[in-house]
Amino acid sequence: MQRLSKFTEQCGYITVVQNNSTTDYLELAYLQARSIKRTQSVKAYAVMIDVGTKTLITDKHREVFDYILDIPYDDAASEDEWKLANDWKVWCVTPFKETVKLDSDIMFTRDVGHWWDLMRTKEVCMATTIRDYRGDISSARAYRKLFDDNNLIDAYNGFTYFRYSKTSTEFYQMVKNIFENWPVFRDQILKNCRHEKPSTDEVYAIAAKMIGEERCYIPNTGIGFTHMKGAVNGMTINDVWTDKLYHQLNGVNLTAGFYRQHYPFHIFDKACASELSKLYE
């Protein structure tokens, strides 16, 4: 594994953009970029994108995407709807010496620039805290059985800081290895794993376990995001939050269930991204 491009800025955000038959990840990234430009003190933004989705980029995207980076040698199977196998390549192409990798369906309503000083005390710093729409730290375990059965760190890859270093090199090499050898981990290493293909949270947690969890996160911090999965917010696993909670975007102020959102906001219901994007425009 090697770097494929030069560093051109100190700090910035990056996300992976690969549309599938159900989700317009380019639209999500556009909303994310606009929210970063309007709220963050660190504003540089990059997308790592596949060939097909790249053809959909227009001038409105170029206005807010500072870097449009090709995914090198696309590893995601063409039939995969959830294209996660390329995630580790952000390490290879990021133009930033210090990078926060984001899930593309996270938007910002308040500046989290003060987190950078805290995160850079580690060479890799994964989010391990999520909150519900009320702002309370969530202890929901409905989606975390594999983590509990295997004593894995509670990783949420959707907000991950890394900088070019020995630890980040080892970490992303391990992420690459896990994706490429998932059947071995699934069938021979993990307990009670029935996942045909892994989620990135699982892969990040396993990678941290393999290289030393203490190198990959900072305990007891507020670094994380509001996660709008149903069970995190007192609903059922299958509930869609936009069907249950009043929500409104006024300027950069987002309200969900009559609670003002102050943390990075994981929309999860990707269908509402278009609505929020139009409100931003």
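Per-structure values
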read-out	value
Unmet requirement for residue 150, which otherwise passes all of (1) of a type outside the set (Gly, Ala, Ser); (2) closer than 27 Å to residue 107 by Cα; (3) in contact with a Leu (Cβ under 6 Å, 6 or more places away or on another chain)	(2)
In the range 118-136, the residues that are in contact (Cβ under 8 Å) with a residue 60 or more places away in the chain and surrounded by fewer than 16 Cβ atoms within 10 Å (Cβ to Cβ)	118, 121, 134, 135
Filtered residue count, the range 1-50, keeping only those that are acidic (Asp, Glu) and either closer than 14 Å to residue 87 by Cα or without any contact (Cβ under 8 Å) to a residue 40 or more places away in the chain (or both)	1
Filter result for residue 191 (without any contact (Cβ under 8 Å) to a residue 60 or more places away in the chain, not in a helix (DSSP H, G or I) and not acidic (Asp, Glu))	yes
Residue ID - most open to solvent (accessible area, probe 1.4 Å), chosen from residues in the range 108-117 that are more than 13 Å from residue 163 (Cα to Cα) and out of contact with any strand residue (DSSP E or B) (no Cβ under 6 Å at 6 or more places or on another chain)	114
Scope the range 2-29; condition of a type in the set (Ser, Thr, Tyr), at pLDDT 95 or above and within 21 Å of residue 268 (Cα to Cα); matching residues	13, 15
Only listed residue being out of contact with any helix residue (DSSP H, G or I) (no Cβ under 7 Å at 6 or more places or on another chain) and either open to solvent by 20 Å² or more (accessible area, probe 1.4 Å) or at pLDDT 95 or above (or both), chosen from 185, 171, 179, 159	159
The range 241-275 - residue that is more than 30 Å from residue 118 (Cα to Cα) and touching a strand residue (DSSP E or B) at 6+ places or on another chain (Cβ under 6 Å) and, of those, surrounded by the most Cβ atoms within 10 Å (Cβ to Cβ)	247
Qualifying position, being touching a strand residue (DSSP E or B) at 6+ places or on another chain (Cβ under 8 Å), farther than 24 Å from residue 261 by Cα and either touching a residue at least 12 places away in the same chain (Cβ under 8 Å) or not polar (S, T, N, Q) (or both), among 105, 59, 87	87
Qualifying positions in the range 1-23 - touching an Asp or Glu at 6+ places or on another chain (Cβ under 9 Å) and in a loop (DSSP other than H, G, I, E, B)	18, 19, 20, 21, 22, 23
Candidate set from the range 32-60 (those that are in a loop (DSSP other than H, G, I, E, B) and of a type in the set (A, V, I, L, M)); member that is farthest from residue 251 (Cα to Cα)	56
Filtered residues of the range 86-102 (kept if in a helix (DSSP H, G or I) and over 16 Å from residue 33 (Cβ atoms))	87, 88, 89, 91, 92, 93
Test: residue in the range 230-240 that is among the aliphatic types (A, V, I, L, M), open to solvent by 10 Å² or more (accessible area, probe 1.4 Å), more than 19 Å from residue 157 (Cα to Cα) and not in a loop (DSSP other than H, G, I, E, B)	no
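The values are calculated or read from the model by the stated rules, or taken from the named source; none is laboratory data. Note that this is a predicted model, so its numbers are computed, not measured. No Cβ is skipped: glycine too gets one built from the backbone with ideal geometry, and neighbour counts run over all protein chains shown. Side chains are part of the model used for accessible areas, which takes the heavy atoms of the whole protein and leaves out ligands, DNA and RNA. Shrake-Rupley method; radii C 1.70, N 1.55, O 1.52, S 1.80 Å.
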